[in-house]
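What follows is a short report on a single structure.
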Amino acid sequence: MNSLLARQLRKLLDDDLKKDPRLSLFFKAIERSYENYEDQFSMLQRAMSISSEELFDANTKLKEEAKQQQKVIASLQEATKVLERISVKNKVGEKEQSLTGIELAKLIEKQAKQISEIEEQRQKILEDLEKSNQQLSEYAHVVSHDLKSPLRTINTLMNWIKEDNVTGLSIDTQHNFNLIDQNIQKMDHLINDILEYSLIDKKPTRDVRINVQQLVNEIIDMSTIPKHIKITIGTLPNLYMDKIKLRQVFQNLIENAIASIDKPKGTIHIGAKEHLTTWEFIVEDDGKGIAEKYHEKIFEIFQSLEAKGTSTGIGLSIVKKIIEFYKGSVWVTSKVGVGTTFHFTIKK
């Protein structure tokens, strides 16, 4: 208890009370009250100090948020001013209707909602398309197996008939058997090509650095090249893509070039040109050529200019699908009786 306060209290008391022992107890009780008050006051100060820090931090955050909101409001105000200055002519029937800035804003809002709805529909279509593609891929596998099985059976039965009647078959019958055999082979190629076409963009790709020069030489070495055809190869670059897919492209184009040569002597040239972001490859032959009206048609599936041989009309479709899978382009230049050049581009 403060000593000055105790002294003042003693002055106001009578002498007999000053000597009363209970007075000391009274002063001690007051002193304890002061101590409790000081402790509580100290705790209150600390609490207020902590609360002040929290309030300061909260106030700082609110100021930052307020600044951001002010920027947003300023941007919105500027956009509103721009919209208010805009007047759009919108034809309604034969009349022209002027739109105010506010009306234009409402129109934009309406179109934004339509775009959002269209995007949701597009996403659903893509999901449905993905499911359909998966089902189509599975269906292609099943169908290819189911079709090949009877073909193998027919081929086996034909061979048995030939073995059992080595000397008893007429020339016409033998010719018909040969035709059947050719059609079985063509059907087998067709099934393989359809399956391959359906899986081009489904199979996992393994892109590697490819020595295209070496790859083309390997394809030519494994192909049956007629003696009257000469193949020349220019300098070919290296590419980074799936080797199996690139092999399919060159193999189909080379086979197509060989089939197109109907002269006693023919030549095929394979080369490349460098562009800024792509390589352009060419497979050129001096065969019969292709009329201009067929330049687009030949890349469509099942489109073959000639029905003879084992051509399925899918080879060039496979080429186109692979090139487009790698974001490239493929086209043909040709002149009937002079020759044909197939071009395709691949990114560097």
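Things to note:
- Contour minus Cα-Cα distance for N211 and H343 (0.36 nm per residue): 45.6 nm
- Database remark: amide H of D242 closer than 5 angstrom to the amide H of V208 (H placed geometrically; neighbours at sequence offset of 5 or more, or on other chains; Pro and chain starts carry no H).
- Relative contact order of region 165-279, defined on C-alpha pairs under 8 angstrom at six or more residues apart (%): 28
- Note that region 276-282 has calculated 3J(HN,Hα) couplings of 4, 10, 9, 10, 9, 9, 10 Hz, one per residue in order, obtained from phi through the Karplus relation 6.51 cos²θ - 1.76 cosθ + 1.60 (θ = phi - 60°); glycine and proline are x.
- T267 long-range amide H proximity, modeled H, under 5 Å: K230, D286
- Net length gained if the chain between L147 and K327 were fully extended (0.36 nm per residue, minus Cα distance): 61.5 nm
- Charge sum, other residues only, whose C-beta stays under 12 Å from F281's C-beta, Lys/Arg counted +1 and Asp/Glu -1: -2
- The listed residues K297, K348 rank as K348, K297 when sorted by accessible area, largest first, using a 1.4 Å probe.
- Heavy-atom accessible area per residue - region 215-348, 1.4 Å, Å²: 53
- Scoring 337-346, 182-191, 224-233 by mean Cβ neighbours within 10 Å over their residues and listing the highest first yields 337-346, 182-191, 224-233.
- Electrostatic bookkeeping for P264 treats Lys and Arg as +1 and Asp and Glu as -1; over the other residues with beta carbon under 14 Å from its beta carbon, the sum is +3.
- Unsatisfied cross-links (Cα-Cα over 18 Å) in the set K245/K327; K297/K321; K327/K347; K273/K347: none
- Length released on extending from D128 to I301, taking residue separation times 0.36 nm less the Cα-Cα span: 59.9 nm
- Counting only DSSP beta bridges whose two residues both lie in region 166-307, roughly 70 percent are antiparallel.
The values are calculated or read from the model by the stated rules, or taken from the named source; none is laboratory data. Everything numeric here is computed off the predicted structure, so don't read it as measured data. Ideal geometry is used to build each Cβ from the backbone, glycine not excepted, and the neighbour counts take in all protein chains shown. With ligands, DNA and RNA removed, areas are computed over all heavy atoms of the protein, side chains included. Shrake-Rupley method; radii C 1.70, N 1.55, O 1.52, S 1.80 Å.
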